[in-house]
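Read the figures in this text as sums done on the coordinates, not as results from a lab. The model shown is predicted, which means the values in this text are computed figures rather than measured ones. Please note: Cβ atoms are built from the backbone with ideal geometry, for glycine as well, and neighbour counts cover all protein chains shown.
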Amino acid sequence: MASQTIFEEHPEIAKLFPDLHPPLTRQAAVIESDRCLNCFDAPCTSACPTHIDVPRFIKKIASGNLQGSALSILDANVLAASCSRVCPVEVLCEGACVMHRYNKQPIEIARLQRHAMDTFHAKGGSLPMKSDIERPGKIACLGAGPASLAAAAELRQQGYQVTVFDKRPLPGGLNTYGVAEYKLPTSSSLREIQLIADLGVEFRFGIEIADEAALAELEREFDVIFLGVGLGAMQKLVVPGGDHPAVVDALKFIEEYKLGLKTKVVGDVVVVGAGNTAIDAACAAKRLGANSVRILYRRTEEHISAFDFEYEHARHEGVSFDWLTQPVAVHSFDDGLSSIECVAMEIGADGSVKQVTGSSFHIKCDLVIPAIGQSPLLEFLSKFRDLKMDKGCIVVDRATGQTTDPKYFAGGDCVNGGREVVDAVADGKRSGVAIAELLEGAHV
Ligand code: SF4
């Protein structure tokens, strides 16, 4: 797998995206791990969707057993390096830490996890097999994002043959292409996926299973198919002028700079939407040189879907926010954009949002980045037979991830509509365990 990134090619750009949370030194990690109370029935572990045994791995750091610490983490979460960087720990493990009850700082679980994982990777660690025999049963995982990777790793570790398909040239899904570089560098995402490839998982890139013939072929070759296809394209800004080339959706914008296709942003930037992806795009635009970056949102500060710490980070980076503002048109001239036309909004007593009559105004801009959510992959998924859908998402048995067609399992964003990486990893692992049980039963 190729792992070269923009920052290996353009170190001057790397300087623009230093780590959001710099790694702990060895000494700092030991001091921090010594603060942990090793709670019985640890709430931090319960709050983690993958149920990492937090006190166990922290105790191993304190005793100097970093290899053991990393293996303990990886046993629960095979993408633990990514998760240590991108998890919203403030609302998960660290948010649940008992230290809050004593008015103390919660244990820095994410940075300790990263310390263990970085050391593991630096020392060339590898994932252990859970079985020393090759078992009969072939599994295809569609999509090479976190859910598929977790399912693939679990199944391969148990001795099954697994092939991961993706239409893109690199694995990792949003971890590789869609998370801001200051949170998770592409090279880090690819480095941990290499461990899964080293187990013997096969990757086939540039392949899209998009018609009946390809599907039938897949079903002939594989016993079980896991769907980890994520969500579809970002929703378009449907206003006059919204199809101008200088209107670039947030995921495309992030992907372009992460792959080194965009190394500079000039002029004034407007981001539409106030979720975490909008924040990632806005902060990146600022770091890449934008003169100004404004986020437009049709409701108010209390309604944004971005986490509080993401919002604070954006403000700290110099991104400004225009509340109760709705775009209605994008205006351009020969060489580019001139402005985005907006109207003021107001929230009625019943909570509905409506335009304020006669409130139209213009904001000068050179680039518009819509970040208004991704559409479910209805068109693709509707081609599968016997798969029950609900609001564009695949319906599964929550305990196993099995769909209404017993040959298919599913997990991650295509099931939950778009949650965290760690939720997708939990789904994938759960399905991996369930598929192994199913195949074990089928071959006795
Ligand atoms: Fe340690 Fe906090 Fe978890 Fe207790 S809740 S085990 S103190 S990290």
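Please list, in chain and number order, the residues 5+ apart from Phe409 or on another chain whose amide H is under 5 Å from its amide H, with Hs placed from the backbone.
Close amide H contacts, sequence-distant or interchain: Ile225, Phe226, Leu227, Thr403.
What three numbers, in Å, describe the spread of the alpha carbons of the range 344-444 along their principal axes, ordered from the longest?
73, 32, 27
Taking amide H positions as placed in the peptide plane 1.01 Å from N, state which residues far from Gln158 in sequence (5 or more) or on other chains have amide H under 5 Å from it.
Those qualifying (amide H under 5 Å, at least 5 residues apart or on another chain) are Lys130.
List the chymotrypsin sites (Phe, Trp or Tyr not before Pro) in the range 334-408 that DSSP assigns to loop (not H, G, I, E or B) and whose Cβ has at most 16 other Cβ atoms within 10 Å. Which are they?
Working: sites: Phe361, Phe380, Phe384, Tyr408; in loops: Phe384.
Here no chymotrypsin sites (Phe, Trp or Tyr not before Pro) fit, given the DSSP loop and packing criteria.
Rounded to whole Hz and in sequence order, give me ³J(HN,Hα) for the range 207-218 from the Karplus expression 6.51 cos²θ - 1.76 cosθ + 1.60, θ = phi - 60°, writing x for Gly and Pro.
Once rounded to whole Hz, the list reads 10, 10, 8, 10, 9, 4, 5, 5, 5, 4, 4, 4.
I'd like the distance separating the alpha-carbon centroids of the range 346-418 and the range 179-234, in whole Å.
21 Å
Where is the GNM fluctuation largest for the chain (alpha-carbon springs, 10 angstrom cutoff): Leu149, Leu37, Leu79?
In the Gaussian network model the winner is Leu37.
To test your reading of the geometry: what angle, between 0 and 90 degrees and rounded to tens, separates the Cα axis of helix 26-35 from the longest principal axis of the chain?
Value to nearest ten degrees: 80.
Normalised by the number of residues in the chain, what is the relative contact order in percent for Cα pairs under 8 Å and 6+ residues apart? Provide the component values of the computation, followed by the final result.
Numbers: 885 pairs, mean separation 73.5, N = 444.
Over the chain, the number comes to 17 percent.
What area, in nm² and to one decimal, does the C-alpha convex hull of the chain cast on average over all directions? Numbers along the way, then the final one.
Working: hull surface 95.2 nm².
Hull-based average projected area comes out at 23.8 nm².
From the Cα gyration tensor of the range 250-370, with a ≥ b ≥ c the square roots of its eigenvalues, which class applies: rounded if a/c is under 1.5, or else prolate if a/b is larger than b/c, or else oblate?
Working: a/c = 2.34, a/b = 1.30, b/c = 1.80.
Cα axes put the range 250-370 in the oblate bin.
Rounded to whole Å, give me the distance from the Cα center of the range 123-175 to that of the range 244-286.
Here the two parts' Cα centres lie 31 Å apart.
List, in the order given, every pair from Lys138/Lys407; Lys15/Lys264; Lys59/Lys183; Lys15/Lys286; Lys167/Lys429; Lys167/Lys252 whose Cα-Cα distance in the structure shown is over 18 Å.
Correct reply: Lys59/Lys183; Lys167/Lys429.
Kindly write out, for the range 321-330 in residue order, the coupling ³J(HN,Hα) from the Karplus curve 6.51 cos²θ - 1.76 cosθ + 1.60 (θ = phi - 60°), rounded to whole Hz, with x marking Gly and Pro.
Coupling constants for the range 321-330: 10, 10, 7, 6, 10, 10, x, 10, 6, 10 Hz.
Is the C-alpha gyration tensor of the range 20-122 telling us rounded, prolate or oblate? Criteria: a/c under 1.5 is rounded; beyond that, a/b larger than b/c is prolate, otherwise oblate.
Values: a/c = 1.37, a/b = 1.22, b/c = 1.12.
It is rounded, given that a/c, with a ≥ b ≥ c, falls under 1.5.
In sequence order, what are the phi-derived ³J(HN,Hα) couplings for the range 359-368 according to the Karplus relation 6.51 cos²θ - 1.76 cosθ + 1.60 with θ = phi - 60°, rounded to whole Hz, with x for glycine and proline?
So the J values, rounded to whole Hz, are 9, 4, 8, 10, 10, 5, 7, 10, 8, 10.
Which of the lysines could a cross-linker bridge to Lys60, judged by Cα under 20 Å and excluding same-chain residues fewer than eight apart?
Within the straight-line cut-off, Lys60 pairs with Lys123.
With point charges of +1 on the Cβ of Lys and Arg and -1 on the Cβ of Asp and Glu, referenced to the Cα centre of the range 20-122, which listed residue (Thr119, Gly95, Ala42) lies farthest in the positive direction of the dipole?
Result: Thr119, furthest along the dipole toward the positive end.
Counting other Cβ atoms within 10 Å, keep those with at most 15, restrict to DSSP loop, and tell me which trypsin sites (Lys or Arg not before Pro) in the range 338-391 are left.
Values: sites: Lys354, Lys364, Lys383, Arg385, Lys388, Lys391; in loops: Lys383, Arg385, Lys388, Lys391.
Here the sparse-neighbourhood loop sites are Lys383, Arg385, Lys388, Lys391.
Could you tally the net charge around Thr163, taking each other residue with its Cβ under 13 Å from the Cβ of Thr163, Lys/Arg +1 and Asp/Glu -1? If you can, show how the numbers build up before the last one.
On the way: positive: Lys138, Arg156, Arg204; negative: Asp166, Glu202, Glu217, Glu221, Asp223.
Result for the neighbourhood of Thr163: -2.
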